[in-house]
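The values are calculated or read from the model by the stated rules, or taken from the named source; none is laboratory data. Note that this is a predicted model, so its numbers are computed, not measured. Quick reminder, even Gly has a Cβ in these numbers, built from the backbone with ideal geometry, and neighbours come from all protein chains shown.
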Amino acid sequence: MKAGWIGQIIGVSWGGPTEAWDSQTIIPAEKVPPFTEDLANQAFGQDDLYVEMTFLRSMEQYGLDVSIRQAGIDFANSQYKLWVANAAGRSNLRKGIAPPDSSHPQFHDCAGAIDYQIESDYSGLVAPGTPNEAIALGEKFGRLMNYGDGVYAGQFMGCMYAEAFFEKNPVKLVEAGLKCIPPQSMYAEMVRDMLKWHAQEPVHWEKTWEKVVEKYRKNKNYYVSKLDVKQEAAFVLMGLLYGNGDLDRSMVIALRCGSDSDCNPANAGGVIFATVGMSKLPERYYRKMDPTKNFNYTAYNFPALIAVTDKLARQALIKQGGHIEKKGEEEIFVIPVKAPAPSKFEDLKNPGPIAGSKFTPEEMSQIKMKDTLPAR
């Protein structure tokens, strides 16, 4: 868990200075910021981290099974600046459009954007070996702002994290995530493409990058949402597949792919760091981290973040039918092996009917933030 969080922190900090790069060109190697140990302290103000900590806080306060409506109220009351689907979903919540309608394409035009993907890491870190918990959490928190591929993206990432506790091979991690999403979705098609293209060209990732941009950026049949998640996820997978387990290389390749070049190395870094674990993680990644500083807009410094992640993981284990055994001073998580059960398929191009979900007057009285920020 610690290693997974540190991977996100290093990945997003390392890519931060490159975020505004042209999305249709590769970032030259000489433009990659140098690694420094100070990166461990440069993510306290990153939305990649503090947004998902809002979800952790809801579960800490109301339990792992907090309702989607309460999750929506808590997200509506967040005070940080947001963009794209996050901004649109939160604005809908503040207007009284309750989830899941807050993310429905009828109410905003970027439901297939990257947002839940970049804040879904928590869902696998609290669900080691239990991918169905990561899927369930996506059905709750992912639906505050995303729909269809936008939700599947976070479920896919969460399931790779859930597998990363037990598997180091990047190809197998990607295959595990693929089992967690509807196979007929365009997101699943992208994952299959990445596995195929990597097998065809396992060395020169730049050639695969060209294929990604051609299909998932330039082809408007696939690039259907602002900051479409499929291209961004392909860049995450580029880092994992071509990084071959090397921590720096995995993050740098995801970074050099461009576009959302801080979020993508954060996802790639988090997953690959989780495969290593804290006991084998080089100290240069965390040696200088300030353990007393809180992440912006949260109640958590790093030790508190790990404590709540551990607490929720124990609840998730029991919920999924597992248990904890004591062997002297050692605790053993006994995890039931269950096949993933993907969510129902939704087509962003042809969305299903809305649920007609509205917050009640009593619920609206709990939403203190009333602005209606436009999506960007």
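Residues in segment 102-123 that are in contact with a strand residue (DSSP E or B) (Cβ under 8 Å, 6 or more places away or on another chain) and either hydroxyl-bearing (S, T, Y) or surrounded by fewer than 24 Cβ atoms within 10 Å (Cβ to Cβ) (or both): F107 alone. Candidates in segment 319-330 are the residues that are touching a residue at least 12 places away in the same chain (Cβ under 8 Å) and out of contact with any strand residue (DSSP E or B) (no Cβ under 9 Å at 6 or more places or on another chain); of these, the one that is farthest from G124 (Cα to Cα) is G321.
The rows are residues; the columns are (1) within 19 Å of the chain's Cα centre (by Cα); (2) acidic (D, E); (3) modelled with pLDDT of 95 or more.
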residue	(1), (2), (3)
R249	no, no, yes
G258	yes, no, no
G270	yes, no, yes
F273	yes, no, yes
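Taking L82, is it closer than 25 Å to P128 by Cα, part of a loop (DSSP other than H, G, I, E, B) and in contact with a helix residue (DSSP H, G or I) (Cβ under 7 Å, 6 or more places away or on another chain)? Criteria not met by L82. Cβ-Cβ contacts under 7 Å between residues 6 or more apart (or on different chains), taken from a first residue in segment 341-353 that is modelled with pLDDT under 95 to a second residue that is buried (at least 16 other Cβ atoms within 10 Å of the Cβ) and of a type in the set (A, V, I, L, M, F, W, C), are listed as L348/A111; L348/V224; K349/V224. Criterion applied to G328, G321, G352 was being out of contact with any helix residue (DSSP H, G or I) (no Cβ under 7 Å at 6 or more places or on another chain), more than 30 Å from R94 (Cβ to Cβ) and surrounded by 11 or more Cβ atoms within 10 Å (Cβ to Cβ), and the one residue passing it is G321. Of all residues in segment 8-17, none satisfies being more than 28 Å from M364 (Cα to Cα), among the polar types (S, T, N, Q) and assigned to a loop (DSSP other than H, G, I, E, B). None of I97, I68 is touching a residue at least 24 places away in the same chain (Cβ under 8 Å), buried (at least 22 other Cβ atoms within 10 Å of the Cβ) and of a type in the set (V, I, T) except I97.
Contact annotation: residue pairs with Cβ atoms under 9 Å, 6 or more positions apart or on different chains, pairing a residue in segment 302-318 that is over 11 Å from T130 (Cβ atoms) with a partner that is surrounded by fewer than 16 Cβ atoms within 10 Å (Cβ to Cβ) and among the hydroxyl-bearing types (S, T, Y), are F302/T292; P303/T292.
Being in contact with a Leu (Cβ under 9 Å, 6 or more places away or on another chain) and either over 21 Å from Q117 (Cα atoms) or surrounded by fewer than 18 Cβ atoms within 10 Å (Cβ to Cβ) (or both) is the filter here, so list the residues in segment 24-48 that pass it. Hits for segment 24-48 are I27, V32, P33. Within segment 227-240, the set of residues being buried (at least 24 other Cβ atoms within 10 Å of the Cβ), among the aliphatic types (A, V, I, L, M) and either touching a strand residue (DSSP E or B) at 6+ places or on another chain (Cβ under 8 Å) or within 15 Å of V203 (Cα to Cα) (or both) comprises V229, L237, M238, L240.
Summed over segment 97-129, residues that are in a strand (DSSP E or B) and under 19 Å from the mean Cα position of the chain (by Cα) total 1. Residue count for segment 49-65, restricted to those that are farther than 23 Å from G269 by Cα, surrounded by 22 or more Cβ atoms within 10 Å (Cβ to Cβ) and aromatic (F, W, Y): 0.
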